[in-house]
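Report on the following structure.
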Amino acid sequence: MGAFFFGTLALAAASAAACAQGVIKIGELNSYKTQPAFLGPYKKGMELAVEQINEAGGVNGKTLELVIRDDNSNPGDAVRAAEELLTRDKVDVLTGTFLSHIGLAVTDYAKHKKQFFLASEPLTDKIVWADGNRYTYRLRNSTYMQVAMLIPAAVKMNKKRWAIVYPNYEYGQSAVSTFKTLLKQAQPDVEFVAEQASPLGKIDAGSVVQALADAKPEAMFNVLFAADLAKFVRAGTQRNFFNDLPVVSMLTGEPEYLDPLGNETPVGWVVTGYPWYAIDTPEHNRFLAAYQKRFDDYPRLGTIVGYNAILSLAEGIKKAGSTDTEALIEAFKELEVDTPFGRIRYRGIDHQSTMGAYVGKLAIKDGKGIMTDFEYVDGATVQPSDEQVRQWRPESAN
């Protein structure tokens, strides 16, 4: 697999005739208009993977083609876009979605249409557990997995009074629920003294910071991202709220959200993220060189997700021998895919991949936020037991 996708492209010309036999259409829908910081790089990651695969001979003698639609961050529009991709554009498979509630809407659509769907980015646990179905697989690590990566650091802080801030929709609610459960298990005497849930993209940062500060927390769990995160960090810094306050924070180390903070980066926060500038593995070095050559830019976490989504679909289709839904469902069970983060596997029990994330501390270097003291956490190490999954996923046997 690694040689297939990352190796020489010298066979490109010779493979053209074989690829002419047909095209595999990948239908992708996402919130490009409302989440450009993540999804612009995500789209480039998909494009790079498609180009590399086609130049290396395609999949099963066919070339890959992307057909992309915007879902307007609206569940109804997302379902209509999925329907249009299938009926008008005649795509062979569906992938994509960013926001958790959008991902859930398309997951339900896939179930009713009996159509294979690879949810690339949405993080809610429901996609693979409570609302999971046999037609849907998910690439990116879930809220449960990301929270579980941060719990050791939270426990090590040994603080009793915790504050929580999050965006008030499925992703934020799911992350907070898991954080409370896992931290309570590890530290039974912990107290959650303040919670602030803000509408996505509409945070009143000053009021939120003041409400949290009034509770006099000893530590904080942050789930905000994008513009909400930047506003919150600025307001908290101006009010000295973060002084001597230990923080664990989801997603904040991702370049999409860290880079805009610049010299306002909150030093010392423990975060999940993607330190692309300091990862030194053969597979990531190959990917980084190819991406920078193609786009004259550095990758973001979205780039990795888009790239890995296409690699996963290509490897699944190759294994299945076709784009038939039932064949793909079986092919993705325990499917292994070589990625810039190393080899990942799609678990048969809940259709969740083992793609991991980097965990480290925030620092500032040359006026920019960076991750230091980081390590890669394999997603396979932060999953609940199979017994627990069977309780949470009614369709775990399918």
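The values are calculated or read from the model by the stated rules, or taken from the named source; none is laboratory data. On a predicted model such as this, the values are computed, not experimentally measured, just so you know. Please note: Cβ atoms are built from the backbone with ideal geometry, for glycine as well, and neighbour counts cover all protein chains shown. For the accessible areas, the whole protein counts, side chains as well, though only heavy atoms, and no ligand, DNA or RNA atoms are used. Shrake-Rupley method; radii C 1.70, N 1.55, O 1.52, S 1.80 Å.
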**Message:** Being modelled with pLDDT of 95 or more and farther than 30 Å from Thr34 by Cα is true for just one of Val193, Val233. Which residue is that?
**Reply:** Val193
**Message:** Return the pair list, or none, for Cβ contacts closer than 7 Å from residues in region 114-132 that are on the phi > 0 side of the Ramachandran plot and at pLDDT 95 or above to residues that are open to solvent by 10 Å² or more (accessible area, probe 1.4 Å) and among the aromatic types (Phe, Trp, Tyr), at least 6 apart or on different chains.
**Reply:** Lys114/Tyr135
**Asked** In region 287-297, which residues are part of a helix (DSSP H, G or I) and more than 21 Å from the chain's Cα centre (by Cα)?
**Response** Ala289, Ala290, Gln292, Lys293, Arg294, Phe295
**Asked** Quick check: anything in region 288-297 in contact with a Phe, Trp or Tyr (Cβ under 7 Å, 6 or more places away or on another chain), closer than 25 Å to Gln146 by Cβ and modelled with pLDDT of 95 or more?
**Response** yes
**Fill in**
Quick count over region 353-371, residues being of a type outside the set (Asp, Glu) and without any contact (Cβ under 8 Å) to a residue 24 or more places away in the chain, is 1
**Prompt:** When you scan region 20-110 for strands (runs of 3 or more DSSP E) that lie fully inside it, which ones turn up with 3 or more residues that are among the aliphatic types (A, V, I, L, M)?
**Reply:** 23-30, 63-70
**Criterion: out of contact with any strand residue (DSSP E or B) (no Cβ under 6 Å at 6 or more places or on another chain) and touching a residue at least 60 places away in the same chain (Cβ under 8 Å) - qualifying residue of Leu99, Leu94** = Leu99
**Output for region 258-282, where each listed residue is open to solvent by less than 10 Å² (accessible area, probe 1.4 Å) and either touching an Asp or Glu at 6+ places or on another chain (Cβ under 6 Å) or not in a loop (DSSP other than H, G, I, E, B) (or both)** = Leu258, Leu261, Val271, Thr272, Gly273, Tyr274
**Asked** If we keep just the residues of region 296-324 that are among the small types (Gly, Ala, Ser) and within 25 Å of Lys90 (Cβ to Cβ), which is surrounded by the most Cβ atoms within 10 Å (Cβ to Cβ)?
**Response** Gly306
**Request:** Pick out, from region 159-235, the strands (runs of 3 or more DSSP E) lying fully within it that include 3 or more residues that are open to solvent by 40 Å² or more (accessible area, probe 1.4 Å).
**Result:** 191-198
**Asked** For the subset of region 111-122 comprising residues that are of a type outside the set (S, T, N, Q) and either assigned to a loop (DSSP other than H, G, I, E, B) or open to solvent by less than 10 Å² (accessible area, probe 1.4 Å) (or both), which member is farthest from Gly316 (Cα to Cα)?
**Response** Pro122
**Message:** Going through Asp204, Asp214, Asp259 one at a time, which residue ends up being of a type in the set (Asp, Glu), at pLDDT 95 or above and within 20 Å of Phe374 (Cβ to Cβ)?
**Reply:** Asp259
**Asked** Of the residues Val147, Val128, Val155, which single one is closer than 29 Å to Ala215 by Cβ, surrounded by 22 or more Cβ atoms within 10 Å (Cβ to Cβ) and of a type in the set (Val, Ile, Thr)?
**Response** Val147
